[in-house]
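FYI, it's all coordinate maths here, none of it is from the lab. Keep in mind that what you see is a predicted model, and the values were worked out from it rather than measured. Because the Cβ atoms are built from the backbone with ideal geometry, glycine has one as well, and the counts that use them run over all protein chains shown.
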Ligand SMILES: C[S@@+](CC[C@H](N)C(=O)[O-])C[C@H]1O[C@@H](n2cnc3c(N)ncnc32)[C@H](O)[C@@H]1O
């Protein structure tokens, strides 16, 4: 990392760590900026959804299962521009609800709905404040793919999932594995350990990984600070259990879900957990 780049990454201060809502407000501003990148993906998303397709991995589709006739409402937390949300419609959900705090993301989601006629409702809200009229209405709550690292109060997050789930509703999480930050490729494509602190908590940064968001029209230094953190698998599972969910399955995969490890030699891929999933239910 150059000096210029490292000036744009720092541990969260004690005052910031103590205030999850402050970190969420910062993240909202940063994601409104990053939504610019999603604008470039809208045409592809429209074509994919109109064609009955899905951006989801096969492993996710297997977890979610065919939703035809058994999912009146699917709620997608941190839905971004709605592409994965409408994939749930294509998998058979009667109605989908996407919750995200970025107005700019949801404006794109609304354009996706207009273009596809999907029965979708978009709710602009911090996940932690998901509106009570959604309580106990979700036959499926789905989230993941780069969502959890932005949440700074995991117990409150898990409580929201528990209150949104209808009787017999299922929770499906497919997410980046927290261990993925501990490994990177050297210049020859071999795995090496990074100096990432698995237990370090929130980190403030500006700028985005080129494999994901690339460059925005705002220079990195001009962007809003944003706060991300790896939650350990133990913290995630404990938060869901603490909210009363019954966990049915936890699985780990070498799937490079965001293409951040594409420079690892093919023969060495598959050795490191890069994603994981959890299936749970609220009611026995
Ligand atoms: C990486 S995206 C989630 C993955 C998504 N499926 C996609 O297609 O990229 C992260 C999303 O989470 C949203 N987000 C982050 N923190 C949030 C919070 N506390 N409440 C609501 N939305 C949040 C951001 O606005 C962004 O749209």
Hey, in the GNM for the chain with a 10 angstrom Cα cutoff, which one of 24, 190, 177 fluctuates hardest? 190
Running a GNM on the chain with Cα contacts under 10 Å, which residue among 92, 176, 200 ends up with the highest mean-square fluctuation? 200
Would you please put 94-106, 75-87, 40-52, 122-134 in order of how densely packed they are, using the mean number of other Cβ atoms within 10 angstrom per residue and starting with the highest? 75-87, 94-106, 122-134, 40-52
With an 8 Å cut-off on Cα pairs and a minimum separation of 6 or more residues, tell me the relative contact order of the stretch 3-281 in percent. 20 percent
If you line up the long axis of helix 103-116 against the longest principal axis of the chain, both from Cα atoms, how many degrees apart are they, to the nearest 10? 50 degrees
To the nearest 10 degrees, how steep is helix 154-164 against the longest Cα principal axis of the chain, on a 0 to 90 scale? 10 degrees
Report, in degrees rounded to the nearest 10, the 0 to 90 angle that the Cα long axis of helix 233-242 makes with the longest principal axis of the chain. 30 degrees
Share of antiparallel DSSP beta bridges in the chain, in percent to the nearest 5? 55 percent
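Given axes a ≥ b ≥ c from the Cα gyration tensor, I'd like to know whether the stretch 3-281 is rounded (a/c under 1.5), prolate (a/b larger than b/c) or oblate. Write down the numbers at each step before the final one.
Details: a/c = 1.34, a/b = 1.31, b/c = 1.02.
Cα axes put the stretch 3-281 in the rounded bin.
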A student applying the Cα gyration tensor rule (rounded when a/c is under 1.5; otherwise prolate if a/b is larger than b/c, oblate if not) would label the stretch 60-176 rounded
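Which whole-number percent is the relative contact order of the stretch 164-234 (Cα, under 8 Å, 6+ apart)?
Values: 65 pairs, mean separation 20.5, N = 71.
Relative contact order for the stretch 164-234 comes out at 29 percent.
What shape does the stretch 17-92 have by the C-alpha gyration tensor, where a ≥ b ≥ c are the square roots of the eigenvalues, rounded means a/c under 1.5, and otherwise prolate means a/b greater than b/c and oblate the rest?
Numbers: a/c = 2.89, a/b = 1.56, b/c = 1.85.
It is oblate, given that a/c is not under 1.5 and a/b is not larger than b/c.
Which FRET efficiency, nearest 0.05, do residue 41 and residue 9 yield, Cβ-Cβ r, R0 22 Å?
On the way: r = 26 Å, r/R0 = 1.18.
Result of the calculation: an efficiency of 0.25.
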Helix-only [θ]222 nm of the chain, DSSP H runs n ≥ 4, -39500 (n - 2.57) each, per residue, nearest 500: -9000 deg cm²/dmol
Highest mean first, what order results for 207-213, 160-166 on Cβ atoms within 10 Å? 160-166, 207-213
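Once Rh for the stretch 127-284 is found with the Kirkwood sum over Cα pairs, what is the Stokes-Einstein diffusion coefficient at 25 °C and 0.890 mPa s, in µm²/s?
Details: Rh = 17.2 Å.
The calculation lands on 143 µm²/s.
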